[in-house]
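Input: a single structure, listed below in C-alpha cells.
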Amino acid sequence: MTFLNRLENAWTASGSLLQVGLDPDPQRFPRDLQGQPDAIFQFCRAIVDATAEYACSFKPQIAYFAAHRAEDQLEALCRHIREHHPDRPIVLDAKRGDIGSTAENYAREAFERYQADALTVSPYMGLDSIEPYLAWSDRGVIVLCRTSNPGGSDLQFLQMADGQPLYLHVAGLVADKWNAGGQCGLVVGATFPNELAAVRARIGDAVPLLVPGIGAQGGDVTATVQAGANKSGTGMMINSSRAILYASGGDDWREAAGKAARGLRDEINAVR
C-alpha cells in the first residue's frame, strides 16, 4: 500500500483533515511529568491517544527529540502509533536536503529506524536530493514549497525566467516530473491562502498538501480549506501543534488536548 493510499484511507476512516504535530518542549510539560526520564515519550503518547480519534495523521518533529537526546523515545512513540493507531500515518518532519549516500542514510533513518510513512524534504538541491527517498515506493516524500514562515518569501517568491515564482516552479516539478510514482506531496503554509490556492490550481487534485500554520501561527481555517481542498473535500493534512499540545498546563492536559483537536477537526469539517 502506498503512502497516498494510506492517507486516503485515513481521511475516510477519521473523517478528518487534521494532523497533530508532535513538538514536545519539556519546559512546557505538566507537573506530573517533570523530572521523568522518559517524559517526552509519556507526553507524546498521551497526546496521541487523546487525539487519534480526531486526526488523520501525526507529525513528530525530529529536532524536538534529538535536542534532548530522545531519539529512542521517538522510536518508541512511532512504534506506539503503529501498534495502537495503525491507520494514522506518521509524517516525520525533518526537512532533509542532501544528495547521494547522505540522503540514502537519511531515508534509512526515517523509513527503517522510525518506520515513518512519509518524510519532509527540501528541494533546493534538485532531483538528486529527492530520488533516494523515492526509492522507497511505499513511502511519501513531502517537498517544501511555500512555507508558513514570513522569511520564506526571501527565496520562494523569486521570479523564474517564465515569470512564475519559485514556489510554483517547485510545485510544477513535483506534479509533472518527480511524482511519477504517486509518492509526493507539498508543504504549503496556511498563512498564505492565496499562494495555497495557486499551488492547488497548479498541481490538480492528486497531490496531497501538508499545511502548517493553523493555530499558534494564525492561519485561518476557512480560507485554508477553501484554498487547498481538492474536489473531494480532502487532499490536505492541516497541521496544528502547540494549540493542541499545550491546550492546558494543568492536570486536565490530556482532556484539553483531545477537546482542542476535536474542536479544530469540527471547525475544518464545517467548511468542507
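The values are calculated or read from the model by the stated rules, or taken from the named source; none is laboratory data. Worth saying up front: this structure is predicted, and the values here are computed from it rather than measured. Please note: Cβ atoms are built from the backbone with ideal geometry, for glycine as well, and neighbour counts cover all protein chains shown. Surface areas here come from the heavy atoms of the whole protein model, side chains and all, with no ligands, DNA or RNA. Shrake-Rupley method; radii C 1.70, N 1.55, O 1.52, S 1.80 Å.
Remarks
- Subset of region 187-203 (residues that are under 21 Å from Arg139 (Cα atoms) and out of contact with any helix residue (DSSP H, G or I) (no Cβ under 6 Å at 6 or more places or on another chain)): Val187
- Here Gly35 meets each of (1) in a loop (DSSP other than H, G, I, E, B); (2) open to solvent by 10 Å² or more (accessible area, probe 1.4 Å); (3) within 30 Å of Thr224 (Cβ to Cβ) with one exception, condition (3).
- Among the residues listed as Ala46, Ala103, Ala76, Ala110, the single one being open to solvent by less than 60 Å² (accessible area, probe 1.4 Å), over 28 Å from Met236 (Cβ atoms) and either in contact (Cβ under 8 Å) with a residue 40 or more places away in the chain or assigned to a helix (DSSP H, G or I) (or both): Ala76
- Scanning region 49-73 for residues that are open to solvent by 30 Å² or more (accessible area, probe 1.4 Å), of a type in the set (A, V, I, L, M) and in contact with a Ser or Thr (Cβ under 8 Å, 6 or more places away or on another chain) yields a count of 0.
- Any hit, region 208-215, residues being closer than 30 Å to Ala50 by Cβ, at pLDDT below 95 and either basic (Lys, Arg) or touching a Leu at 6+ places or on another chain (Cβ under 9 Å) (or both): yes
- Among residues of region 249-272, those that are touching a residue at least 12 places away in the same chain (Cβ under 8 Å) and either part of a helix (DSSP H, G or I) or surrounded by 15 or more Cβ atoms within 10 Å (Cβ to Cβ) (or both), counted: 15
- Selection of region 1-32 for residues being assigned to a helix (DSSP H, G or I) and not hydrophobic (A, V, I, L, M, F, W, C) yields Asn5, Arg6, Glu8, Asn9, Thr12, Ser14, Pro26, Gln27, Arg28, Arg31, Asp32.
- When the criteria are applied in full, Ala107 meets the requirement of being modelled with pLDDT of 95 or more, within 23 Å of Tyr124 (Cα to Cα) and of a type outside the set (Lys, Arg).
- Remark: Ala201 falls outside the filter, which requires a residue to be open to solvent by 40 Å² or more (accessible area, probe 1.4 Å) and over 23 Å from Val170 (Cα atoms).
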